[in-house]
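Report on the following structure.
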Amino acid sequence: MLSVIAVAFICISFFSQTVRADSGPKRSIKISLKNLPTEPYYIAILDPGPRPSDPDNYYNYVKVAEEDEEIKDIFFNYEEDGFALYCEPSGRCSIVPSESIISDSIDYGYYVPSTFKVIVVTKSCDVTVSNEITTKAFYSDCEYDYSTNTLKEVNVGWNIGAKLATESIPFFYLTLFIEGIVLLCFGFFKEKNVRRFLLANTITQLLLFVFNFTCSYIEPLWKHNVLAWLGVEVLITVIELFIYRKSLTKKDGNVSIKRNIAYAITANVISAFIDIPFVIIGIMLGNIFY
């Protein structure tokens, strides 16, 4: 019954992830706009890199008012300090007119840049470019104040925590399922031992969550460091070894310290090796898209 429940929770958690167009979650940016210009305007974001080498491929697909063709030229020709108009991987550019903005915010998704600026061009062709920021959260909330021309990321801790929780919960269930099978193989699968097993894994997963959150807040790409991942796995093994050392009992009620140590090491090694493909995929995706 415990195994069935664990598998059900794993499936529910994995298949309730947010996706865009294809498999896997994608970075997103939501920019809240404050103190906007009183006259009509257009807004977009700039990312590091040269402007498109062949803008004619999609220049005519960007819709602006007929009398505002000059404004479209400003966006496509802008290139300063290494920043140019952001284009999605598909080649689509998003230049948003003020009349299309709902709830004073704009949204970007699907491999959005982590480092960017905001550019606003008014009807009278006044150009305003914000400061540069690098976001930390996977699903990022930002705020742009036109009156002070300042761009900043907000709700960083909450967004990082929410993303880590959606990642951690299914892997927690998976860990319980794998290490629970090893617990059964070692002859420890009885009520008292299962309670200790659940307690130990809850403690280590909470510590792991705090560690992940702290590292992600300081350096968003720390997870793509194999040494950091190995260090965490060793730390978890040591903690669980300390908890299990004298607490797990055999079927006859006796405690075998050597057997308990063997279980702690075996369970964590097996769990870690099953995690390796996910870690490698994460590193590869991080190197490609971040």
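Can you find a residue in segment 195-202 that is free of Cβ contacts under 8 Å to residues at least 24 places away in the same chain and hydroxyl-bearing (Ser, Thr, Tyr)? Within segment 195-202, one or more residues are free of Cβ contacts under 8 Å to residues at least 24 places away in the same chain and hydroxyl-bearing (Ser, Thr, Tyr). In segment 91-109, what count of residues is obtained for those that are exposed (fewer than 14 other Cβ atoms within 10 Å of the Cβ), out of contact with any helix residue (DSSP H, G or I) (no Cβ under 6 Å at 6 or more places or on another chain) and in contact (Cβ under 8 Å) with a residue 12 or more places away in the chain? Of the residues in segment 91-109, 4 are exposed (fewer than 14 other Cβ atoms within 10 Å of the Cβ), out of contact with any helix residue (DSSP H, G or I) (no Cβ under 6 Å at 6 or more places or on another chain) and in contact (Cβ under 8 Å) with a residue 12 or more places away in the chain. Could you please let me know if Cys142 is under 25 Å from Lys34 (Cβ atoms) and of a type in the set (A, V, I, L, M, F, W, C)? Criteria met by Cys142. Annotation: of all residues in segment 91-127 being among the polar types (S, T, N, Q) and farther than 24 Å from Glu70 by Cα, the one that is modelled with the highest pLDDT is Thr115. Of the strands (runs of 3 or more DSSP E) lying entirely inside segment 97-141, none contains at least 3 residues that are over 16 Å from Ala84 (Cα atoms) and either among the aliphatic types (A, V, I, L, M) or touching an Asp or Glu at 6+ places or on another chain (Cβ under 6 Å) (or both).
Output the residues belonging to segment 149-161 that are of a type in the set (S, T, N, Q) and surrounded by 19 or more Cβ atoms within 10 Å (Cβ to Cβ). Outline the logic, then answer.
Let us first name the residues in segment 149-161 that are of a type in the set (S, T, N, Q), namely 149-150, 155, 159.
Of everything in segment 149-161, just one residue is of a type in the set (S, T, N, Q) and surrounded by 19 or more Cβ atoms within 10 Å (Cβ to Cβ), namely Asn159.
Tell me, please, whether a residue that is in the same structural domain as Cys215 (by TED's automatic domain parsing) and among the β-branched types (Val, Ile, Thr) can be found in segment 161-170. Before you say what the answer is, go through the steps one by one.
Let us first name the residues in segment 161-170 that are in the same structural domain as Cys215 (by TED's automatic domain parsing), namely 161-170.
Filter once more, so that each one left must be among the β-branched types (Val, Ile, Thr): 166, 169.
For segment 161-170, residues in the same structural domain as Cys215 (by TED's automatic domain parsing) and among the β-branched types (Val, Ile, Thr): present.
Here's the yes/no breakdown for (1) of a type in the set (Asp, Glu); (2) touching a Leu at 6+ places or on another chain (Cβ under 8 Å):
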| site | (1), (2) |
| --- | --- |
| Asp126 | yes, no |
| Thr134 | no, no |
| Phe138 | no, no |
| Tyr144 | no, yes |
| Ser147 | no, no |
| Asn159 | no, no |
| Ala162 | no, no |
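Is it true that Lys192 is basic (Lys, Arg) and closer than 30 Å to Ile243 by Cβ? Outline the logic, then answer.
On the way: basic (Lys, Arg): yes; closer than 30 Å to Ile243 by Cβ: yes.
Taking the combined requirement at face value, the residue satisfies it.
Enumerate the pairs (first residue in segment 232-261 and closer than 15 Å to Asn201 by Cα and modelled with pLDDT under 85; second residue anywhere and buried (at least 18 other Cβ atoms within 10 Å of the Cβ) and among the aliphatic types (A, V, I, L, M)) with beta-carbon separation below 7 Å, excluding pairs fewer than 6 apart on the same chain, so at least 6 apart or on different chains. Going by the 7 Å Cβ cut-off, the qualifying pairs are Val232/Leu208; Glu233/Ala272. Which ones in segment 181-211 are small (Gly, Ala, Ser) and either surrounded by fewer than 19 Cβ atoms within 10 Å (Cβ to Cβ) or not in a helix (DSSP H, G or I) (or both)? Gly187 - this is the single residue of segment 181-211 that is small (Gly, Ala, Ser) and either surrounded by fewer than 19 Cβ atoms within 10 Å (Cβ to Cβ) or not in a helix (DSSP H, G or I) (or both). Residues of segment 110-148 that are surrounded by fewer than 15 Cβ atoms within 10 Å (Cβ to Cβ) and at positive phi: Tyr110, Cys125. Restricting Ala84, Ala8 to those that are modelled with pLDDT of 60 or more, closer than 24 Å to Thr128 by Cβ, out of contact with any helix residue (DSSP H, G or I) (no Cβ under 6 Å at 6 or more places or on another chain) and not acidic (Asp, Glu) reduces the list to Ala84.
The values are calculated or read from the model by the stated rules, or taken from the named source; none is laboratory data. Fair warning: this is a prediction, and the values are worked out from it, not measured in the lab. For neighbour counting, all protein chains shown are included, and Cβ atoms are generated from backbone atoms with ideal geometry for every residue, glycine included.
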